[in-house]
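Right, one structure below, let's go through it.
The values are calculated or read from the model by the stated rules, or taken from the named source; none is laboratory data. This structure is a prediction, so every number in the text was calculated from the model and none was measured. Cβ placement follows ideal geometry from the backbone for every residue including glycine, while neighbour counts extend to all protein chains displayed.
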């Protein structure tokens with residue numbers, strides 16, 4: 001979940017990338033605007049030009065960007081997968097690799113919106129919409145495998161519930177083993 005390196009990010013993108021990283025590491029309340037601006041290398045006026053409500057708008061943009069990146073990883077994981085279980089397993093392994101790359105005890109910026117910020121109801125609604133986009137993104141793959149709309153949604157939601165719990169345990173243990181073992185816990189061991 002890193003910005004593409006092939007093109008120079010816009011000022012808005014730099015602000016979102018910086019905020020996403022800092023919110024993951026320090027949470028919403030633990031991140032100051034001055035830190036975001038310094039990390040992004042942009043003046044304060046740029047922040048309010050792109051995000052009129054300042055930090056709150058930036059947090060919502062960080063959650064949206066994170067949701068889009070997770071959907072991209074899901075799409076990547078399911079591309080060419082022969083069935084739901086293989087796609088879900090690849091997704092979990094890709095996210096475990098990301099956890100290792102980030103040396104991650106970092107939180108999910110979407111999850112952080114549920115509990116922090118000036119307007120709890122607005123943030124909760126925004127976080128719910130972001131998670132619903134992720135679940136819908138995964139459910140599309142279930143439907144492509146012939147699951148009913150309801151079964152695909154349930155499979156996708158179960159995967160995301162398991163993933164969020166696994167990420168939390170991985171953060172606590174500072175080890176991605178729970179992410180890699182999630183598919184076996186959800187679906188049983190693959191017969192050899």
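Is it true that residue 73 is at pLDDT 90 or above and within 21 Å of residue 97 (Cβ to Cβ)?
Yes: the conditions hold for residue 73.
In the stretch 166-177, which residue that is assigned to a helix (DSSP H, G or I) and over 17 Å from the mean Cα position of the chain (by Cα) is modelled with the highest pLDDT?
177
Conditions: (1) within 30 Å of residue 145 (Cα to Cα); (2) at pLDDT below 90. Residue 24 meets all but one. Number of the miss?
Looking at each condition in turn, residue 24 falls short on (1).
Taking the conditions exactly as written (touching a helix residue (DSSP H, G or I) at 6+ places or on another chain (Cβ under 6 Å), more than 25 Å from residue 170 (Cα to Cα) and surrounded by fewer than 19 Cβ atoms within 10 Å (Cβ to Cβ)), does residue 8 satisfy them or not?
no
Given the residues 130, 125, 136, which is the only one that is under 18 Å from residue 65 (Cβ atoms) and either at pLDDT below 90 or in a loop (DSSP other than H, G, I, E, B) (or both)? Step through it out loud before you land on a result.
Working: 130 fails: either at pLDDT below 90 or in a loop (DSSP other than H, G, I, E, B) (or both); 136 fails: either at pLDDT below 90 or in a loop (DSSP other than H, G, I, E, B) (or both).
Of the residues listed, the single one that is under 18 Å from residue 65 (Cβ atoms) and either at pLDDT below 90 or in a loop (DSSP other than H, G, I, E, B) (or both) is 125.
Within the stretch 44-53, identify whether any single residue is in contact (Cβ under 8 Å) with a residue 40 or more places away in the chain and out of contact with any strand residue (DSSP E or B) (no Cβ under 6 Å at 6 or more places or on another chain), and answer yes or no.
Checked the stretch 44-53: no residue is in contact (Cβ under 8 Å) with a residue 40 or more places away in the chain and out of contact with any strand residue (DSSP E or B) (no Cβ under 6 Å at 6 or more places or on another chain).
May I ask you to list pairs of residues, at least six apart or on different chains, whose Cβ atoms are under 6 Å apart, with the first in the stretch 124-150 being loosely packed, with under 15 Cβ neighbours inside 10 Å and the second being not in a helix (DSSP H, G or I)?
124/114
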